[in-house]
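Each remark here refers to the structure printed beneath this line.
The values are calculated or read from the model by the stated rules, or taken from the named source; none is laboratory data. None of the values given here were measured: they were computed from a predicted structure. Ideal geometry is used to build each Cβ from the backbone, glycine not excepted, and the neighbour counts take in all protein chains shown. Each accessible area value is taken on the protein alone, full model and side chains, heavy atoms only, with ligands, DNA and RNA left out. Shrake-Rupley method; radii C 1.70, N 1.55, O 1.52, S 1.80 Å.
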Amino acid sequence: MLLNVFVIGDIVGKPGRIILKDKLKFFIDKENIHFCIANGENAAAGAGITGEITDELLSYGIDVITTGDHVWDKKEILHTLETNRSILRPSNYSPLAIGKGYVVKNSRLGSPIGVINLLGRVFMKPIDCPFRTVDEILKNISKETKIIFVDMHAEATSEKIAMGWYLDGKVSAVVGTHTHVPTADEKILPNGTAFISDLGMTGPHESILGRKIDCVLKAIVTQMPTRFDVAEKDVRINGVKIIVDSQTGKASSIKRIEVKEGN
């Protein structure tokens, strides 16, 4: 049996949430999507996520929300991370940190799908090794399912590519998030793992990474502290559709997706 999985790039602020509200369920029905994963760490005003927004995004058809280095920006998320199994924080934070870094949930066809959230170390704040962490997780999650998706939230393209090759044949897909710009390197690696360096951004594209252009330029040019307000125009959904064999866990197809407001 083939499973269609839609993985959505970083949701930025209210514009990103609104386009998902307007477009996601229609896309899921049209493309016969059986499972949906989205990175939501920028969903609350561009930095962090709240419990209310978690519930909102899940109501649009998202099955699992991953995060990244902004997961702690809104302190009210802590209770949700403890109690809601559909939202993850990076698994290579301290084992003493609140929340969980991976989950197994059933698809709409009943097949169990594992999702692992990792955070990169290159050009990022200190954190445990994502490579050793994922090795330990796979010892457990592989007993529950062969269908495993990894969100590698990282700054450096090289680190994301390295993770893709490291996990080739061990997981169904490795997708990169964090840099908000979709890459054109989607591929099926030799042992059946789908890979892309960055899913892109679900939010306003007439912007600098989702923030108002004037605000960011002012900060760059003047080198003064500046509030980075979320932009509003040219809102799009970025992501990939991945087809996976439910028996083997191997991917057969990965396709970049872009849904615009007028689509």
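Quick rundown of the values:
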| item | result |
| --- | --- |
| Count - residues of the stretch 193-211 that are open to solvent by less than 80 Å² (accessible area, probe 1.4 Å) and assigned to a loop (DSSP other than H, G, I, E, B) | 8 |
| Contacts under 9 angstrom Cβ, first residue in the stretch 244-255 being under 18 Å from I33 (Cβ atoms), partner in a strand (DSSP E or B) and of a type in the set (S, T, N, Q), 6 or more apart | V244/N4; V244/S252; V244/S253; D245/S252 |
| Residue count, the stretch 145-172 (criterion: under 25 Å from P126 (Cα atoms) and either touching a strand residue (DSSP E or B) at 6+ places or on another chain (Cβ under 6 Å) or open to solvent by 40 Å² or more (accessible area, probe 1.4 Å) (or both)) | 16 |
| Residue in the stretch 180-192 that is surrounded by 19 or more Cβ atoms within 10 Å (Cβ to Cβ) and not in a loop (DSSP other than H, G, I, E, B) present | no |
| Residue that is assigned to a loop (DSSP other than H, G, I, E, B) and at pLDDT 95 or above, where the choices are R121, R132 | R121 |
| Options I141, I127, I113: the member that is among the β-branched types (V, I, T), touching a Lys or Arg at 6+ places or on another chain (Cβ under 9 Å) and surrounded by fewer than 24 Cβ atoms within 10 Å (Cβ to Cβ) | I127 |
| Single residue of R89, R85 found to be in contact with a Ser or Thr (Cβ under 9 Å, 6 or more places away or on another chain), assigned to a loop (DSSP other than H, G, I, E, B), within 17 Å of K105 (Cα to Cα) and modelled with pLDDT of 95 or more | R89 |
